[in-house]
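J.: Below you'll find the structure I mean.
The values are calculated or read from the model by the stated rules, or taken from the named source; none is laboratory data. Because the structure is predicted, anything quoted here is derived from the model rather than measured. Counting neighbours? That spans all protein chains shown, and the Cβs are built from the backbone with ideal geometry, glycine included. For the accessible areas, the whole protein counts, side chains as well, though only heavy atoms, and no ligand, DNA or RNA atoms are used. Shrake-Rupley method; radii C 1.70, N 1.55, O 1.52, S 1.80 Å.
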Amino acid sequence: MDYFLTEEQQMIVDTAKDFAHKVIKPVREEHDENQTFPWEVVKKMGEAGLCGLYIPEKYGGTGLGILGLCLAVEEMSKVCSAIALSMAATGLGTFPILLFSSEEQKQKYLPDIASGKRLAAFGLTEANAGSDALGMQTTAVKDGDYYILNGTKQWITNAGEAEIYSVFAVTDRNRGSRGLSAFIIEKGTPGFSFGKKENKLGIRASATRELVFQDCKIHKSAMIDSEGKGAIIAVNTLYTSRPGVAAQALGIAAGALDESINYARQRKQFGQTISSFQAVQHMLANMATEVEAARALLYATARSIDKAGDAKGFAKESAMAKLYCSDVAMKVTTDAVQIFGGYGYMKEYPVEKMMRDAKITQIYEGTNQIQRNEIAAGLIKSAASKK
Amino acid sequence: MNIVVSIKQVPGTTKVAINPATNTLIRAGVEAIINPFDMYAIEEAIRLREKFGGKVTCITMGPPQAEEALKSAIAMGADDGILISDRAFAGSDTLATSYTLAMGIKKFGQFDIILTGKQAMDGDTAQVGPGIAQWLNIPFIAWVKKIEDVKEDAKTIRVERMMDDGYEVLEGPLPILLSVVKEINEPRTESLRGKMKAKNFKATVLSAKDIEADPDFIGLRGSPTIVNRVFVPVRSGKKELVEGATVEEKVSKVVASLRESKLVN
C-alpha cells in the first residue's frame, strides 16, 4: 500500500526500522524475561533522534507530528512494543506539557525529553479510579504559594525510571470535573516516592509502579495551566496520545504477521510447507487485511490531527484507531501463535511475547469499552448538533 | 580536536554472487557499503568529538558513487566528507592509495588523529592505514581496542593495542594514525537528523590536480604491486622473552637475534 509518506516520514520509518533490528531485537528477550528497564536502548533511541518526533523544533524536537510519532512507534513495536513504550509513554506524560504548559515550563522540560535524556510519565489512574478517572482520591491542598499533595497513583508506566511526571489531583472536591488540577512533579521531590514494581503478563521491559505522595509540597509554578483545568488537560491529552497506543498495537500486529508468513513458508508438514495449506493461507489473508485496514485508519487519524494542529476535533477517530488497532493486535497475535502451533507457545519464538504484549493495548489509555463509549458519544453529539 | 577518518566503500559481500565461469565476485548491481571495520573508526571519531569537541571529517578515495559512503558517515554523525576521485587513480594498489589519501589529508590541513578500520574486508591487506601514516610521517598504532586517554595540552594519546594474547598499553604523540578493531565500540545506527543532513550533503570532491599529486605516484603508474600468490600465512605462535638488566641491553639482544635470522642487516 502506498501511504504517500513524505521523504522525512520515510526517513523516520527507515531509521526506526534499522534501530529496532540492530539495537532492540538483540535484547528484547532478555528484558522481557528479567523485567529489566532498557536504559541502554533508551539512550541510543535518543541519539537516533526517535524521542522528539512530536515535539516542535523550537523545543529541540523534529516537529514531525503525531504521524511522525506513530511511524516510529509502529516500526519499533514490530520488534518490541515494551521497549518502544518507554518513548511512547513518555509522549503520554509529555502531552500535558506540550498542549497546556507555560512557555517557561516547555523550555524547561521539552528539550531533555526530545533528546531522550529524560523520560516522562502520566499519573492519572488510581486503585479506585480507573475508567472512572475523575473519581480520583489524590488531593492537592493549597497552602500559600504551594500545594500539598497526598494520595497514590497506580499502574503508572515509566514510573521510577522517568524524571518528569504529569500528575492529576483534586484541588476542589465540590467542583466535580472542574475541581481537578495537573502538576509537573520531578523525581526526587520530597514526599514523592514509588511503590513496588509490578510483575506483569506482558510489556515486561516497561516499568510499572505506584506514585506515592505523602505531604508532597509543590510550588504553584509547577501547576499546568490553571487550577481546575485538570480534567480538560487529561481528556485532551488522551485524545492526542491514543494514536500512539494504536501505533503500538499496529506494530505488534504487523510484527506478528511478518513472523507468521516467514514461519509458514519454512515449516513443513505432510511433506510441504504449511503456507501451501488453504487453512493457513486464509488465516494469513485475514491477518494481513486487518493490519492494513488498521494502518489506514490510524494514518488517516494521525494526519487529520496533524493538519488541524489539535486532536480535539478528532476524539472519536482517535478512539476508533485505538480500539480497532488494539483489537486487531490481539486477534492477529493469537492467530500468529496458532500458525506457529506448539512452537508458538514456546518462549524460543517471538510470537507468544507479542500475544502477551498485545493484551494491554486493549486496556490502557482507556479500555476498549471506554473507547466505544467515546465513539458513540461523538456520533450522538455530532448528529444532535446538525439539527 | 580535528579527527579524520579514512574509509573505504566495499561491496556488501553477504549479497555478492560469484561468477561461476571466472570465480570472481560479480560487483555490478551489488549494494555498496562502508567497509564494516571502518564503521568502528567512524563511531570512535564521533565519541572523541562528543568528549573533546571539534570536527569529524571522513575521507575516501573512489569513484563518484563512493559519495554514498560519505553520506552514510554523515547520517551516523560525521561533520564533513571529502571524496578523492579522478580517473587517474584507477588501478591504484595500497601504496598509491595511501599516497593519494595522504595527499588529500594534507590538503585538508590540520588534524590531530586519523582513524581507520584495521583492514578493508575486500582486500584484507591492512596496508593503507600504515601507508598513510608513513607518507604523512606521523606515528601509527594498529589494532587499537581502546583509547584510554587523550591529553590535548600535552598532545599525547594513550591506547590499548589488541594482541593475540592480551593487550599492550601504548602512548604516542599527536598527530597520530590509529587503526581500530571491532572490540573498540559498537557503532551507532544512522540517526534521523543525520539522515536529513545526509540527504542534502554534497561531498568536497578533490581531483589528482587538487591534491597536487605526483603523477608517478598515483594510479597504475604508482602501483608497483604484483600479486604473485594469495594465501593465508601460517602462524607459528612461537615467542621468546628477552631478558636483560637495561632496555639498551634488551634491545641489542633483539637486534642481534634479528641479524642472526637475516631479518635485518
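J.: List the trypsin sites (Lys or Arg not before Pro) within the range B:111-180 that fall in a DSSP loop (any state other than H, G, I, E or B) and whose Cβ has at most 15 other Cβ atoms within 10 Å.
T.: B:Lys155
J.: Please return the longest range in chain B lying between exposed loop sites, taking GluC sites (Glu not before Pro), DSSP loop only, at most 13 other beta-carbon atoms within 10 Å, and leaving the sites out.
T.: Result, exposed sites excluded: B:32-151.
J.: Would you mind counting up the charge near B:Arg221? Only other residues with Cβ under 12 Å from its Cβ, with Lys and Arg at +1 and Asp and Glu at -1.
T.: Summing Lys/Arg as +1 and Asp/Glu as -1 gives -3.
J.: Which whole-number value in Å² is the accessible area per residue of chain A, probe 1.4 Å?
T.: Heavy-atom accessible area per residue stands at 42 Å².
J.: With the cut-off at 1.5 for a/c, could you classify the protein assembly as shown from its C-alpha gyration tensor as rounded, prolate or oblate?
T.: Prolate shape, in that a/c is at least 1.5 and a/b is the bigger ratio.
J.: Continuing with the same structure: Do you know which residues of the range B:182-197 lose at least 50 square angstrom of accessible area in the protein assembly compared with their chain on its own, with a 1.4 angstrom probe?
T.: B:Thr189, B:Leu192, B:Arg193, B:Lys195, B:Met196
J.: Another one. Towards the positive end of the charge dipole of the range A:281-387, with charges on Cβ (+1 Lys, Arg; -1 Asp, Glu), say which of A:Leu297, A:Met346, A:Gly309 has the farthest Cα.
T.: Result: A:Gly309.
J.: Let me ask something else about it. Find the centroid of the Cα atoms in the range A:234-263 and in the range A:1-65, then give the distance between the two in whole Å.
T.: Value for the Cα centre distance between the two parts: 14 Å.
J.: Between B:Lys51 and A:Asp143, what is the FRET efficiency for a Förster distance of 45 Å, r being their Cβ-Cβ separation, to the nearest 0.05?
T.: Efficiency computed from Cβ-Cβ geometry: 0.45.
J.: Something else now. Give the residue from B:Ile157, B:Thr189, B:Val169 lying farthest towards the positive end of the charge dipole for the range B:146-194; charges sit on Cβ (+1 for Lys and Arg, -1 for Asp and Glu) and the dipole is referred to the Cα centre.
T.: With unit charges placed on the Cβ atoms, the residue in question is B:Thr189.
J.: Would you mind working out the accessible area per residue for the range B:221-265, using a 1.4 Å probe, and quoting it in Å²?
T.: Here the per-residue accessible area is 104 Å².
J.: To test your reading of the geometry: what angle, between 0 and 90 degrees and rounded to tens, separates the Cα axis of helix B:36-52 from the longest principal axis of chain B?
T.: Approximately 90 degrees, to the nearest ten.
J.: Would you kindly state the longest site-free stretch of chain A, with sites defined as chymotrypsin sites (Phe, Trp or Tyr not before Pro) in a DSSP loop (not H, G, I, E, B) surrounded by at most 11 other Cβ atoms within 10 Å?
T.: The longest such stretch corresponds to A:5-269.
J.: Further, regarding this structure: Please give the net charge around B:Ser257, taking every other residue with its beta carbon less than 14 angstrom from that of B:Ser257, where Lys and Arg add +1 and Asp and Glu add -1.
T.: +2
J.: If you take every DSSP beta bridge fully contained in the range B:106-208, what fraction is antiparallel? Give it as a percent rounded to 5.
T.: The answer is about 65 percent antiparallel.
J.: Enter the per residue convex hull volume of the range B:2-222, computed from alpha-carbon coordinates, in Å³ rounded to the nearest integer.
T.: 130
J.: Return the lysines within reach of A:Lys106: Cα separation strictly under 21 angstrom, same-chain partners fewer than 8 residues apart disregarded; answer none if there are no such residues.
T.: A:Lys58, A:Lys117, A:Lys187, A:Lys220, A:Lys229, A:Lys312
J.: Percent of accessible area on the protein assembly as shown owned by carbon and sulfur, 1.4 Å probe?
T.: Using a 1.4 Å probe with all protein chains present, the protein assembly as shown comes out at 53 percent carbon and sulfur.
J.: Report the full-extension gain for the segment B:Val227 to B:Lys250: residue separation times 0.36 nm, less the Cα-Cα distance, to one decimal in nm.
T.: 4.6 nm
J.: Using +1 at the Cβ of each Lys and Arg and -1 at the Cβ of each Asp and Glu in the protein assembly as shown, identify which of B:Val227, A:Ile375, B:Ser6 lies farthest towards the dipole's positive end.
T.: A:Ile375
J.: For B:Lys253, which lysines qualify as cross-link partners when the Cα separation must be under 16 Å and same-chain residues fewer than eight apart are set aside?
T.: Partners found: B:Lys239, B:Lys262.
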